[in-house]
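Novice: This structure is in structure tokens; I'll ask about it shortly.
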Amino acid sequence: MSATLKNCRVTILVKALPQPSKRYGETVCCAGVTPAGQWKRLFPIRFRHLAGDSSFVRWNWVQFQYKRPTTDVRAESCHVFEDSIRIDGKLARKQEQVRLLTPLILASAKEAALKGQSLALIRPRNTRFITKAKSKTDIEDEREAYRRAARQTSLFDKELAELEPSPYEFRFRFEDADGKHDYANGDWETHAMFWRESRRKDANEALRWMASTFNEEYPRKGMVFAIGNQAKRPQTWQLLGVLRLDESAQGELRI
């Protein structure tokens, strides 16, 4: 494939949990949409190596340069040049978020697959946020994987603190136009919410607050899931992001 560099600008919707990588150390699957509503998957993003005006959060507009990857055939995937990443504002107003994203919402992962997409937004129904304590073995395995990834750096990389795995698995049961589903929640922000609230209160209070947020507040106000499939197993879809997004009448989108 051509190695021609392309310029792109997206608003970030997805920052998934860091994953150990044999080639890159620790990477984070990130994704966003362009002003024209096109999905882009940013990879490999070694997020904790980013600093200053490169370290973005959800809803930031981000500019970057990329080329088409050689091993990932998914249309939205971009091999991003890390040094080119720059924050370029924020999509902060809820009306602007609704206007950009509502036309992208599909009925299900099945519909996305039929359209040839590997990333999509869906508005789930009858959602239930679930927590399950991980076993000590699973936590230690994750801890060791993060430990190895943190040590895998070049001479020019800053040393990373070792990530501490969440002691809980977070999942969502939900329905869409294709039926009932049970997805693990790979949204980094959800796990960050747990650690933040645990420090403010304690773990049990944090879990109660998260259950109230995801089972009551978000469904009442409007919630969408950002989902994506796997490069090697395109039939397998994952929950990558949980977003608060107001529901809007179609006529409001033209205002």
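What follows draws every value from the coordinates through simple rules; no lab data is involved. Predicted model, so just to flag it, every value in this text is computed and none were measured. Here the Cβ is made from the backbone with ideal geometry for all residues, glycine too, and neighbour counts use every protein chain on show.
Novice: Which of the peptides 82-94, 59-71 is most tightly packed, and how do the rest follow, going by the mean number of other Cβ atoms within 10 Å of each residue?
Specialist: 59-71, 82-94
Novice: Further, regarding this structure: Which of the peptides 127-133, 237-243 is most tightly packed, and how do the rest follow, going by the mean number of other Cβ atoms within 10 Å of each residue?
Specialist: 237-243, 127-133
Novice: How much length, in nm to one decimal, is gained on full extension between Lys232 and Arg199, taken as 0.36 nm per residue of separation minus their Cα-Cα distance?
Specialist: So the chain would gain 8.1 nm between Lys232 and Arg199.
Novice: Highest mean first, what order results for 105-117, 4-16 on Cβ atoms within 10 Å?
Specialist: Ranked from most to least packed, the peptides come out as 4-16, 105-117.
Novice: So, one more: Binning every alpha carbon pair distance of segment 172-247 at 10 Å from zero, what are the percents per bin?
Specialist: So the P(r) values, bin by bin, are 17, 45, 29, 9, 0.
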